[in-house]
Amino acid sequence: MSAPSVLIAGCGDVGSRLATQLLASGWEVHGLRRDISRLPKGVIGVAGDLFNKDCPETWPIGAVDYLVYCAAATDHDEAGYRAAYVEGLQHVLEWLDDYGQVPNRLLFVSSSSVYGQQDGEWVDETSPAEAGTGYSGRLMLEAEQIALNSGIPASIVRLTGIYGPGREWLLTQVRRGYRVAVDPPLYGNRIHADDAAGLMAFLLEADRRGVALDDVYIGVDDAPAPLAEVVGWLREYLGVTEWSEDASVRRTGSKQCSNARAKALGWAPKYPSYREGYAAIIEGRC
């Protein structure tokens with residue numbers, strides 16, 4: 001049996017981690033990004049721009065068994081999100097059509113921003129995805145529908161707050177004395193970048209084995225937690241003894257996302273909570 005092939009469109013941080021995991025399992029991996037010199041060793045580079053309608057000259061000619069659309073917005077405004085998630089996906093689907101390629105499955109990497117819940121309630125894949133007035137969640141939902149209506153069997157992977165090496169905003173803030181309000185609790189949802197990639201690799205392997213996949217999965221660790229708890233634990237772990245007199249009351253939504261659907265398939269995160277994940281980052285183990 002020949003090795004399955006996958007095209008990762010938007011092969012940045014998480015996409016490169018996914019590529020590395022799939023290469024280790026014997027997959028043929030094509031990675032599309034502007035600067036292919038930054039792709040992991042072993043990935044077949046596709047130099048291209050998702051924002052450009054023109055098909056990349058190095059587009060793979062043979063079969064594309066799987067497509068992972070894993071783009072990131074360059075500009076964090078409405079136009080930037082539309083270009084990255086809606087128009088970019090449309091471009092890739094057009095390029096596939098030009099070459100007569102029909103993948104076995106499309107994984108579209110979305111975001112938990114499609115959930116507008118604010119009161120700390122638990123959220124799963126059956127919860128209403130009503131993004132509210134913000135453009136990010138609204139455009140993600142629009143892009144999800146394009147994926148689901150593409151004619152290719154598709155699964156949406158709604159990732160929560162990705163952290164990992166190079167994604168250390170919270171660590172930096174805690175070292176500077178960041179303090180947050182305890183009440184009401186502001187729940188946060190996280191997934192280590194390695195686990196975000198691991199979930200996608202798990203779903204691809206499952207589909208390859210003939211496992212029936214659902215339309216939507218939430219990518220999150222086992223332990224959503226109030227931000228104040230996370231900050232307090234990090235402060236102690238890092239040995240920070242001075243912090244701001246005023247607590248931040250920044251409130252951008254509060255919900256607790258469940259990974260029960262993915263775990264029911266047999267997936268388990270390598271870093272089940274922020275404690276294991278941040279400890280690995282601080283100690284340089286990931």
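Of the residues Glu142, Glu94, Glu121, the single one that is of a type in the set (Asp, Glu) and either closer than 21 Å to Ala193 by Cα or in contact with a Lys or Arg (Cβ under 7 Å, 6 or more places away or on another chain) (or both) is Glu121. Looking at Ala83, Ala47 in this structure, which one is surrounded by 14 or more Cβ atoms within 10 Å (Cβ to Cβ) and within 29 Å of Gly134 (Cα to Cα)? The conditions single out Ala83. Against the list (1) small (Gly, Ala, Ser); (2) in a helix (DSSP H, G or I); (3) surrounded by fewer than 19 Cβ atoms within 10 Å (Cβ to Cβ), the condition Ala268 fails is (2). Restricting attention to segment 80-111, the residues that are of a type in the set (Lys, Arg) and outside any helix (DSSP H, G or I) add up to 1. The residues in segment 196-218 that are open to solvent by less than 10 Å² (accessible area, probe 1.4 Å) and either modelled with pLDDT under 95 or in contact with a Gly (Cβ under 9 Å, 6 or more places away or on another chain) (or both) can be counted, and the count is 5. Looking only at residues in segment 170-193 that are assigned to a helix (DSSP H, G or I) and crowded, with 22+ Cβ neighbours inside 10 Å, the one that is modelled with the lowest pLDDT is Val174. For Arg285, the conditions (1) open to solvent by 60 Å² or more (accessible area, probe 1.4 Å); (2) of a type outside the set (Ser, Thr, Tyr); (3) touching a residue at least 12 places away in the same chain (Cβ under 8 Å) are fulfilled apart from (3). When Thr20 is tested against (1) open to solvent by less than 20 Å² (accessible area, probe 1.4 Å); (2) assigned to a helix (DSSP H, G or I); (3) within 29 Å of Cys286 (Cα to Cα); (4) of a type outside the set (Asp, Glu), only condition (1) is not met.
The values are calculated or read from the model by the stated rules, or taken from the named source; none is laboratory data. Just so we're clear, the structure is a prediction, and the values are computed from it rather than from any experiment. Please note: Cβ atoms are built from the backbone with ideal geometry, for glycine as well, and neighbour counts cover all protein chains shown. Only protein heavy atoms, including side chains, enter the accessible area calculation; ligands, DNA and RNA are left aside. Shrake-Rupley method; radii C 1.70, N 1.55, O 1.52, S 1.80 Å.
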